[in-house]
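Below you'll find the structure, written out as structure tokens, and then a few comments.
The values are calculated or read from the model by the stated rules, or taken from the named source; none is laboratory data. Quick caveat: nothing in here was measured; it's all calculated off a predicted structure. Note that we place each Cβ from the backbone using ideal geometry, even for glycine, and neighbour counts take in every protein chain shown.
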């Protein structure tokens, strides 16, 4: 017979199979849009909406579901419509502009009417496509180091304290309550009374009734003034002070330094890869820190802090001295990001060239100055797509690479990787996001 | 059953629903539906689902089980986007023509809405499904669940065996032709004994060493030896291949020279489902009209009996009013005639004609004007008509005036459209006929038939599109569908357009 079934607890995602097939079908288009979105979008703005997923719009072409149906134009048709107001038989009406007639509705029934199709990719789907089908680990299981500082925390109210901690609102609220409860006469009542007395005093001569009234009023005023004096406007009882207790706070602020060589050898492709590299680090970190800042430092033979646009798209000529960027980073840290308040991350992209013996200096700078204050530092060397001898052999490489290899052997929170394709990027971070205890203890 | 001699008591008071309250309300509704309106329904299976599950159900054309296909994923993505941005609400319910009759109610509904929805779906639609001749003759309410389970498993098995791409290719092509996968006039042929047996074995979960696919391969291979051979003249080809054939999917399944048996089975699944939905497409106005009339009658009865509060009634009526809103043609919200509005108005009109006929009604509807049993008249209408014939038989001049219907003639050879009929004495009949035609699927959908295929000769598949009133096919889509058709047929495909001069 009749019965009810509660299906709400059934597993969700009944249509996941369909979605997989849909994404697979539209993969080429989606990938193109995602790639473009990386190019067009700013890292900083981008990550905000990626928290909930990435909206993509793809051409509906490959997603068409064609059917045989009647054209909306031509021929002889009759439409029956409701709501005639003043038409009589024989009235002529202009055709609505193309596309708006009844017949057209049929064609767009299945949503194919427009040329574009918009939908939202989940964050995981977006990353999966962005980094070319790499297998992302379970993102929940990552660890980030957070520094601790001693701060103070509000801990309610007390009745004693220093004046600078006086909580005015609470104090005045108490005062008002007390004044109402004790019926303290207000200033305006007093003034009204005084005015009345003055009025009476001006009458000369006064009749006995007026005299009596004047005396009465004066008595009243006296009582009133006494009461106002006894019941103070603010009483020590009313006072409330904020109190604070010292507390260890976990720092949830982080800053990412993006360092990039922008000399002539860095072309469109190199910059595009670098952008993904920075984006990935930023994406992961925004998940674990409340507040995130990003600093762009570009360098040729000298380094500059720039905004994101300039960083990726402006051209600069000059030689290549990597250590300038590291020095700049150190300088900015000293200036604005004290390591006991900020979690510092470094990400550096370069094509591996460096001037003369500057590489040794980079090594020293990293080991002595930067790595002790950084949570993690990643270096990415962008090589030619055909450079197999470099990709396959981590031992080969120029001066900079060799020096960084030495850094890596000494500092566990330094990672380096050669990259020729987008799919090479993720492994740099793999170690980092593995759930394990790591080095990189913060100074301070 | 509720006790009738006791004092009437409220079914519920307040917005929250519980399963106990739902059951109480269901019993009260059932009492009115069966004993007052005299409805005849399948047992109900009412399922409570969440919004997300409702979206799932949406994307799978409302069926509880459906095979996987990317187009459903696309619809889901679109519906989800529309829903999340607030541009489209979700239905309060979905009801499925099956035995037992499954209806999905949203958990977000208030108790008053759940009551309304039960009256609408679990009794209104349910009665219609069980009694309307189209559903009785063309769909198998008892078997649809099993068939869907079979279809889902079969297609999943094919994907595993032949790969996603191969299956997707066939499904894409079959979907493109699904509107041409129904028998409009003749009855569909029964499944063969072997197919029935195979289905039965699947249903029983027959644990044999054979895979699901083997069962089907065995049961469908060998049987269907393609009837080619000999130097047949056209007339005998016609006979042996059942040409002209309007059901293109059926034709391909039986005669395509290139399809393998599993591919034919997929075509069969698509056309079976298309056939299952065909009666629903033909009875939108009646089906919704029936359900809306039933819920409206029931909630008012419940209120008269003192079983729902005035507040609950107001909430239901508010929702009811939204559903039956009919914007006028020049309103920006206008998007054609609302089947709920037209259906509901016609049902109420039938009741009115039975109870308070005017002279005009007696003239137009001598059969039932003043009939003392309007319930019987109504049940008869629900059972024996589809939209087109229902409008043709039951649309009264009174309603034409109420809706202020008029006919707009759009002739491509003329510079302007012309108002050809309005709601006056001379217009009623024509408007009624034009409106009925607007709901005639045989007229709305293109008439395309397979007219020749010489398997011995050039093997070209010849289709004929009968063009009525100069209305041709949309070109771009036509070319795409023909590409799919070519894939399924394996050889050349051509389509002729033949103008048919029907002057009405």
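Numerical summary
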read-out	value
Some residue of segment B:336-343 being touching a strand residue (DSSP E or B) at 6+ places or on another chain (Cβ under 8 Å) and either within 14 Å of chain A (Cβ to nearest Cβ) or part of a loop (DSSP other than H, G, I, E, B) (or both)	yes
Condition check for residue A:129: at pLDDT 70 or above, surrounded by fewer than 17 Cβ atoms within 10 Å (Cβ to Cβ) and more than 20 Å from the chain's Cα centre (by Cα)	no
Any hit, segment A:54-70, residues being at pLDDT below 75, part of a helix (DSSP H, G or I), under 46 Å from the mean Cα position of the chain (by Cα) and at the interface with chain B (Cβ under 7 Å from one of its Cβ atoms)	no
Residue within segment A:1-19 that is facing chain B (nearest Cβ under 7 Å), closer than 26 Å to residue B:70 by Cβ, at pLDDT 80 or above and part of a loop (DSSP other than H, G, I, E, B) present	yes
Which listed residue is surrounded by fewer than 15 Cβ atoms within 10 Å (Cβ to Cβ) and either in contact (Cβ under 8 Å) with a residue 40 or more places away in the chain or touching a helix residue (DSSP H, G or I) at 6+ places or on another chain (Cβ under 9 Å) (or both), from B:367, B:361, B:349	B:367
Number of the condition not met by residue B:40 [criteria: (1) farther than 30 Å from residue A:16 by Cα; (2) within 12 Å of chain A (Cβ to nearest Cβ)]	(2)
Contacts under 9 angstrom Cβ, first residue in segment B:170-196 being within 13 Å of chain A (Cβ to nearest Cβ) and closer than 17 Å to residue B:154 by Cβ, partner crowded, with 19+ Cβ neighbours inside 10 Å and at pLDDT below 85, 6 or more apart	none
Helices (runs of 4 or more DSSP H) within segment B:404-495 that include 1 or more residues within 8 Å of chain A (Cβ to nearest Cβ) and within 26 Å of residue B:342 (Cβ to Cβ)	B:428-438, B:441-444
Filter result (part of a loop (DSSP other than H, G, I, E, B) and either under 20 Å from residue A:269 (Cα atoms) or in contact with a strand residue (DSSP E or B) (Cβ under 7 Å, 6 or more places away or on another chain) (or both)) within segment A:384-398	A:384, A:385, A:386, A:387
Count of residues meeting criterion [exposed (fewer than 13 other Cβ atoms within 10 Å of the Cβ) and in contact with a helix residue (DSSP H, G or I) (Cβ under 7 Å, 6 or more places away or on another chain)] in segment A:1-38	1
Residue under evaluation residue B:65, criteria (1) touching a helix residue (DSSP H, G or I) at 6+ places or on another chain (Cβ under 6 Å); (2) crowded, with 20+ Cβ neighbours inside 10 Å; (3) within 11 Å of another protein chain (Cβ to nearest Cβ), criterion not met	(2)
Those residues of segment A:263-317 which are in contact (Cβ under 8 Å) with a residue 24 or more places away in the chain, touching a helix residue (DSSP H, G or I) at 6+ places or on another chain (Cβ under 6 Å) and more than 19 Å from residue A:380 (Cα to Cα), in sequence order	A:286, A:292
Any hit, segment B:56-71, residues being closer than 19 Å to residue A:15 by Cβ, at pLDDT 85 or above and part of a helix (DSSP H, G or I)	yes
Selection status of residue B:26, buried (at least 17 other Cβ atoms within 10 Å of the Cβ) and over 22 Å from the mean Cα position of the chain (by Cα)	yes
Lone unmet requirement of (1) touching a residue at least 60 places away in the same chain (Cβ under 8 Å); (2) within 13 Å of chain A (Cβ to nearest Cβ) for residue B:77	(1)
Single residue of A:173, A:154 found to be out of contact with any helix residue (DSSP H, G or I) (no Cβ under 6 Å at 6 or more places or on another chain) and either part of a loop (DSSP other than H, G, I, E, B) or modelled with pLDDT of 85 or more (or both)	A:173
Only listed residue being touching a strand residue (DSSP E or B) at 6+ places or on another chain (Cβ under 8 Å) and assigned to a helix (DSSP H, G or I), chosen from A:305, A:327	A:327
Test: residue in segment B:322-334 that is at negative phi, more than 14 Å from every other protein chain (Cβ to nearest Cβ) and under 26 Å from the mean Cα position of the chain (by Cα)	yes
Meets criteria (within 8 Å of chain B (Cβ to nearest Cβ) and at pLDDT 75 or above) for residue A:27	no
